[in-house]
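Peer 1: I have a structure I would like to understand better, so I am pasting it below and will then ask my questions one at a time.
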DNA sequence: CTGCTGATCAGCT
DNA sequence: GCTGATCAGCAGA
């Protein structure tokens, strides 16, 4: 298990493959307060212009989705309901697809996470997309960074024994898209959001 | 400028 | 399981 960021080459694979292969990797965030990191245990794929649940559905190119059209591996953050969510841009330039990181298993900087989250239970630290960003100190200003460079980066992690898949969460109003099995998680991991 | 819509969370029942 | 918080981004005028 190396501690330096993963190669940029890693991100050049299909969105569904990337969502699957990100599981087990370690996500790091360096801030002035210290280092925090967790193993990725849950992801969701958003497949661009034909996926009604994606921000880029219908080829909607705006200031917010612009980053999704770029090279893979860039950080796409956005805010909703006062929470910040973090995505990994995937696919080649011109194809606006991304993978949402939904849950982590805390590994490094637990003390910092408890301080930021103000909760008692370890499970509550990172078992949701808005929770893990707060625990690691990921903010919308990380938009446009790259996951192979500090301060927000991914490293090799562990090989997982079993991975499950199923429908995505929180997109009930998007017609057929709500049924697509584009959510992946480590089978049985207690930090998975549902 | 105005109004609407969430890829969520916490707290209550 | 249900509801409200609370605001950026976008569409329409």
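Where a number appears in this text, it was derived from the coordinates with a stated rule and is not lab data. Everything quoted here is computed from the prediction, not taken from an experiment. Backbone-built Cβ (ideal geometry, glycine too); neighbour counts: all protein chains shown.
Peer 1: Taking chain A as a Gaussian network, where each spring joins two C-alpha atoms under 10 Å apart, which residue of A:180, A:153, A:69 fluctuates the most?
Peer 2: Checking each option, the largest mean-square fluctuation is seen for A:180.
Peer 1: Moving on to the next point. Report the extension gain between residue A:119 and residue A:172 in nm, rounded to one decimal, defined as 0.36 nm multiplied by the number of residues separating them, less their alpha carbon distance. The partial results should precede the final answer.
Peer 2: Numbers: separation 53, 0.36 × 53 = 19.08 nm, distance 2.91 nm.
16.2 nm is the gain from fully extending residue A:119 to residue A:172.
Peer 1: Just to confirm my numbers, what's the Cα centroid distance between the stretch A:9-23 and the stretch A:164-194 in Å?
Peer 2: That distance is 17 Å.
Peer 1: Quick one: order A:104, A:112 by neighbouring beta-carbon count within 10 Å, fewest to most.
Peer 2: Fewest-to-most ranking of A:104, A:112: A:112, A:104.
Peer 1: Let me ask something else about it. If contacts are Cα pairs under 8 angstrom and at least 6 residues apart, what is the relative contact order of chain A in percent? All intermediate terms of the calculation are to be shown ahead of the outcome.
Peer 2: Values: 468 pairs, mean separation 56.4, N = 194.
Relative contact order here is 29 percent.
Peer 1: Now a separate question. Checking a compactness column here: for chain A, what do you get for Rg(Cα) / (2.2 N^0.38 Å), N being the number of residues? If you can, show how the numbers build up before the last one.
Peer 2: Details: Rg = 15.4 Å, N = 194, 2.2 N^0.38 = 16.3 Å.
My calculation over the Cα atoms of chain A gives 0.95.
Peer 1: May I pose another question? Points 7 angstrom from Cα along the Cβ direction at residue A:158 and residue A:141: gap in nanometres?
Peer 2: 3.5 nm
Peer 1: Test of understanding: ordering A:51, A:142 by Cβ neighbours within 10 Å, fewest first, what list do you get?
Peer 2: Numbers: A:51 23, A:142 18.
In increasing order of surrounding Cβ atoms, one gets A:142, A:51.
Peer 1: Suppose each label sits 7 Å from its Cα in the direction of the beta carbon; what would the residue A:110-residue A:31 distance come out to in nanometres?
Peer 2: A separation of 1.9 nm, rounded to one decimal place.
Peer 1: Which semi-axes, in whole Å and largest first, does the equivalent ellipsoid of the stretch A:40-154 have when worked out from the alpha carbon gyration tensor as the square roots of 5 times its eigenvalues? Write down the numbers at each step before the final one.
Peer 2: Numbers: eigenvalues 140, 39, 28 Å².
The three semi-axes for the stretch A:40-154 are 26, 14, 12 Å.
Peer 1: What's log10 of I(q)/I(0) for the stretch A:80-135 at q = 0.15, 0.30, 0.31 Å⁻¹, Debye sum over Cα points only, no solvent?
Peer 2: The Cα Debye sum returns log10 ratios of -0.49, -1.19, -1.23.
Peer 1: Among A:169, A:159, A:138, A:67, which comes first, then next, by fewest other beta-carbon atoms within 10 Å? Could you put the intermediate results ahead of the total?
Peer 2: Values: A:169 16, A:159 7, A:138 23, A:67 20.
Listing A:169, A:159, A:138, A:67 from fewest to most nearby Cβ atoms yields A:159, A:169, A:67, A:138.
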